[in-house]
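One structure is given here, and the rest of the page talks about it.
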Amino acid sequence: MVDATLNQGTGEKPVGRTASREVRRQQLIDATIESISRHGIPGTTMTTVTGLAGLSLGLVNFHFKTKKSLFEETLRYLALEYREHWQGRVAKAGNRAADRLRAMVEAHFEPIVCNRRKLTVWFAFYGEAAYRGAYREIMCEMDPERWNIVTAMCASIIEEGGYEGISPENVADTLEGLYDGFCLNILMYPDEYPPETAKARVLGYLAGVFPQHFTDVAPACSTPCRQGSS
């Protein structure tokens, strides 16, 4: 027989009962992402997860001793997926700093990491006090690495272009804020703020800061802003 519940709930392929430990763990993490995206963190229980995964409560307890450990591993999975995605995109961009920075921006808004299901989960962890500590602990392992890489890219662009009065650290900080803010807009205003619009706005910011290096992008100030919704 085949467990088909997860396939019905999330679109994943059903997994046989003889699946490996790693496959079962991933199946439970996928079901947790789906449950949180539907019910939020407070409404997600071991029962909602096992129902989506098509697995027994005993099996989930075998892989994850507590709901807290399951949630933290789910967050860690999303963080590692995000990290591997941008690292791969940057690695393929070549050696030119501006191309690598563009690839970094584009990676943030690609469907594998920037979709409503996963964004809902990210912001659920942001807003849940009980998991903020775990969020900070996990992301503190990864955020500084990305920030340092972006800062180095910006420093290289500044030197190459002879830009004056620009701090690479400030640009890196601003990019981090733009990613978070635009991802929230994508989640809250999906019709008005598709990922392509968000990507264009971030690249527009970079065109304003580094006009010699992002010549094919209109500066952000020339793009009309979204009107507020009532």
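Does the stretch 32-47 contain any residue that is out of contact with any strand residue (DSSP E or B) (no Cβ under 8 Å at 6 or more places or on another chain), at pLDDT 95 or above, in a helix (DSSP H, G or I) and among the aliphatic types (A, V, I, L, M)?
The answer is yes, given that some residue of the stretch 32-47 is out of contact with any strand residue (DSSP E or B) (no Cβ under 8 Å at 6 or more places or on another chain), at pLDDT 95 or above, in a helix (DSSP H, G or I) and among the aliphatic types (A, V, I, L, M).
On the given criteria, is Glu106 more than 9 Å from the chain's Cα centre (by Cα), under 19 Å from Asp30 (Cβ atoms) and not aromatic (Phe, Trp, Tyr)? Can you show your working first?
Working: more than 9 Å from the chain's Cα centre (by Cα): yes; under 19 Å from Asp30 (Cβ atoms): no; not aromatic (Phe, Trp, Tyr): yes.
Spelling it out, it is not the case that Glu106 is more than 9 Å from the chain's Cα centre (by Cα), under 19 Å from Asp30 (Cβ atoms) and not aromatic (Phe, Trp, Tyr).
Within the bounds of the stretch 91-105, is there any residue that is out of contact with any Pro (no Cβ under 8 Å at 6 or more places or on another chain), surrounded by fewer than 15 Cβ atoms within 10 Å (Cβ to Cβ), under 22 Å from Glu176 (Cβ atoms) and not charged (D, E, K, R)?
yes
Over 18 Å from Arg117 (Cα atoms) and either among the hydrophobic types (A, V, I, L, M, F, W, C) or surrounded by 15 or more Cβ atoms within 10 Å (Cβ to Cβ) (or both): is that true of Leu52 in this structure? Show your work before the answer.
Values: over 18 Å from Arg117 (Cα atoms): no; either among the hydrophobic types (A, V, I, L, M, F, W, C) or surrounded by 15 or more Cβ atoms within 10 Å (Cβ to Cβ) (or both): yes.
Here the answer is no, as Leu52 does not meet what is asked.
Looking at the stretch 60-79, which of the residues that are surrounded by 17 or more Cβ atoms within 10 Å (Cβ to Cβ) and among the hydrophobic types (A, V, I, L, M, F, W, C) is nearest to Leu119 (Cα to Cα)?
Leu78
Residues checked against (1) in contact (Cβ under 8 Å) with a residue 60 or more places away in the chain; (2) of a type in the set (Val, Ile, Thr); (3) loosely packed, with under 14 Cβ neighbours inside 10 Å:
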| position | (1), (2), (3) |
| --- | --- |
| Tyr131 | yes, no, no |
| Pro144 | no, no, yes |
| Ser156 | no, no, no |
| Ser167 | no, no, yes |
| Gly177 | no, no, yes |
| Leu184 | yes, no, no |
| Ala220 | no, no, no |
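Could you tell me which numbered condition Phe123 fails, if it satisfies all but one of (1) touching a Lys or Arg at 6+ places or on another chain (Cβ under 7 Å); (2) farther than 14 Å from Ala97 by Cα?
The number of the failed condition is (1).
Can you go through Cys140, Cys114 and tell me which one is at pLDDT 95 or above and hydrophobic (A, V, I, L, M, F, W, C)?
On the way: Cys140 fails: at pLDDT 95 or above.
Every option except Cys114 fails the conditions.
Hey, could you check the stretch 186-217 for residues that are without any contact (Cβ under 8 Å) to a residue 24 or more places away in the chain and part of a loop (DSSP other than H, G, I, E, B) and say which is nearest to Cys154 (Cα to Cα)?
Going through the qualifying residues, I end up with Pro211.
Only residues that are closer than 26 Å to Met188 by Cβ and aliphatic (A, V, I, L, M): list them for the stretch 81-124, please.
Scanning the stretch 81-124 gives Met104, Val105, Ala107, Ile112, Val113, Leu119, Val121, Ala124.
The values are calculated or read from the model by the stated rules, or taken from the named source; none is laboratory data. It should be emphasised that the depicted structure is a prediction, and the values quoted were computed from it without experimental measurement. Cβ atoms come from the backbone with ideal geometry, glycine included; neighbour counts cover every protein chain shown.
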